[in-house]
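Just below is one structure, and these are the notes that go with it.
What follows is calculated from the coordinates using simple rules that are stated; it is not laboratory data. Owing to the predicted nature of the structure, the values given are computational and were not obtained by experimental measurement. Because the Cβ atoms are built from the backbone with ideal geometry, glycine has one as well, and the counts that use them run over all protein chains shown.
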Amino acid sequence: MSTAIVWFRQDLRLADNPALHAAIEQCEQIIPVFIDETSGNSGLLPSESSASHVWLHHALNNLQQRLLEKGATLIFRRGDALECLQQLQQETGATHLYWNRRYDPVGIGCDTAIKQQLSDACEVRSFNASLLSEPWAVLKKDGTPYRVFTAFWKMKRQLGFPELPLPEPASPFKGIKQNPESLSLDDLGYLPQIRWDKGMMEYWKTGELAAHDVLENFLNEQVPDYKTKRDFPASPATSQLSPHLHFGTISPRQILNRAEAFLAENPGAETGVQCFLSEVGWREFAYYLLYHFPATTSESLDKRFTAFPWRDPEEYQTDLIRWQQGQTGFPLIDAGMRQLWATGWMHNRVRMIVASFLTKNLLIPWQEGESWFRDTLVDADLASNTMGWQWVAGCGADAAPYFRIFNPVLQSEKFDKSGEYIRHWVPELRNLTDKTIHQPWTSDAKVAYPTAMTDLKASRVRALERFGVIKNATSPA
DNA sequence: TGCCTCTTTGA
DNA sequence: CAAAGAGGC
């Protein structure tokens, strides 16, 4: 009797799940398992109070139900993954252990050790479920990894994405035997004790079927005008797929496949579809960079930045808190930070603007911003978050030049001209005029709203001066 | 996927 | 003197 343990991690779906698919094809019994590793190592997942754990809870709940409909019970365990899997294998006499790969340094180390330790007891195999192609498959002619997105994406597309998405497995699974011991989903404790999560989750639909609804709706309603409308934070023009991609309730292969089919039927959507797919490409690039430069989760890729004169923590602490709480006195920044707090998500252009403000106008290290985003985003993703923050700070791959400093007032006037986004998230400003709402200090109206926490002109000059310190330093490693 | 300053242009 | 372009950070 062959029995496969299928270890679910960030691939919480039934369709296009290569590990599950292979297990069903090759084995008579399937034991799906999810392990809460947060108490064991690792820094793999955000802290326990974070927004993305709430999302994870709901995604797991959905997966558990979907598996049950197929006749399989999802087993929950907690602790060190190696110990949990060793024990589960011994309890069940499993002959196979299958999972889909992860690409963060801690995860790779963990998985490598498990493969070594358990290979004597059973057949251990891993698969690619979360990238269009593997990070090690795309290299420059000299064998080193790309550091520039356009060259990377061009080569990656040129090499091709041979695999089509796999279908959902036929129901029911073969020969499920008596279930091993399991914690309940609630035991994992991903929901907070104080239930702040309910308001946030009103903004989201979780689960595999919902992810495909979100994609279909985006393709039909938004993608034709994606390139122009995606920059305006009041417009619902973005895909909203980021948390689904993070937890794998949809795969990039499924997205690519569906987007290409949509394009074939809607040739007019060419520009929008290509622009959207290049955003999927940026996600691939983020995972690629994380794989090839694992130290960048905590250190700047551009080594000149190790000497960058950020402000000291004791000096910037109160400024950091004002930024986190959306009390900077700059309406667009505060709107973004409050949207993040309320919904677990922030529009991408606003992410760039608040990040530029933190790292440049406030001279607070990008790691502080990355850490806050990791705690508060439902789509918190080590790869994308690391790349994004380093890109803005000017210390990463293909980074924005350091002198590219966003002016939150000008960006607000340009991308939220009517003030719709600001009025929604900073309601105390809603009665200001379309002109003064971007800079409340020019209005005569009395509103309870913070004074701008920094002089934009002076802090911009200060940032440019500090850049001079590292500009001529030794070239990047 | 930046912003500022200075200069030129044309009314 | 508004608008547009060039160049620098």
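Computed extension gain for A:Asp142 through A:Glu299, at 0.36 nm per residue and net of the alpha carbon distance, reaches 54.0 nm. What is the sum of charges around A:Arg253, taking Lys and Arg as +1, Asp and Glu as -1, for the other residues whose C-beta is under 10 Å from the C-beta of A:Arg253? Counting the neighbours of A:Arg253, the net charge comes to -1.
With both labels modelled 7 Å from their Cα along Cα-to-Cβ, the A:Ala458 to A:Glu163 distance reads 5.6 nm. With the cut-off at 19 Å, tell me which of the pairs A:Lys414/A:Lys435; A:Lys414/A:Lys471; A:Lys360/A:Lys457; A:Lys115/A:Lys174; A:Lys70/A:Lys174 have Cα atoms farther apart than that. Flagged as over cut-off: A:Lys414/A:Lys471; A:Lys115/A:Lys174. Only aspartates and glutamates eight or more places from A:Lys229 in sequence, or on another chain, were considered; those with a Cα closer than 16 Å are A:Glu221, A:Glu270, A:Glu279, A:Glu413, A:Asp416, A:Glu420. Computing FRET efficiency as 1/(1 + (r/R0)^6) for A:Ala170 and A:Thr318, where r is the C-beta to C-beta distance and R0 is 41 Å, gives about 0.10. Rounded to the nearest 500, the helix-only mean residue ellipticity at 222 nm of chain A stands at -14000 deg cm²/dmol, with each DSSP H run of n ≥ 4 adding -39,500 (n - 2.57). Helix A:51-69 against the longest principal axis of chain A: what's the angle in degrees, Cα atoms only, rounded to the nearest 10? Roughly 30 degrees between the two axes.
A simple spin-label model places the labels of A:Ala261 and A:Trp441 5.4 nm from each other, with each point 7 Å out along Cα-to-Cβ.
Restriction of the chymotrypsin sites (Phe, Trp or Tyr not before Pro) in the stretch A:197-241 to DSSP coil positions whose beta-carbon has at most 15 other beta-carbons within 10 angstrom yields A:Tyr203. Normalised by the residues of the stretch A:303-470, what does the relative contact order come to in percent, with Cα pairs under 8 Å and at least six apart? With pairs under 8 Å counted, the relative contact order is 29 percent. Between A:Asn217 and A:Trp196, the contour length at 0.36 nm per residue exceeds the alpha carbon distance by 4.7 nm. Under the definition of Cα pairs under 8 Å and six or more residues apart, what whole-number percent is the relative contact order of chain A? After rounding, I find 17 percent.
Solvent-free Debye calculation, one equal scatterer per alpha-carbon of the stretch A:3-129: log10 I(q)/I(0) at 0.20 Å⁻¹ equals -1.25.
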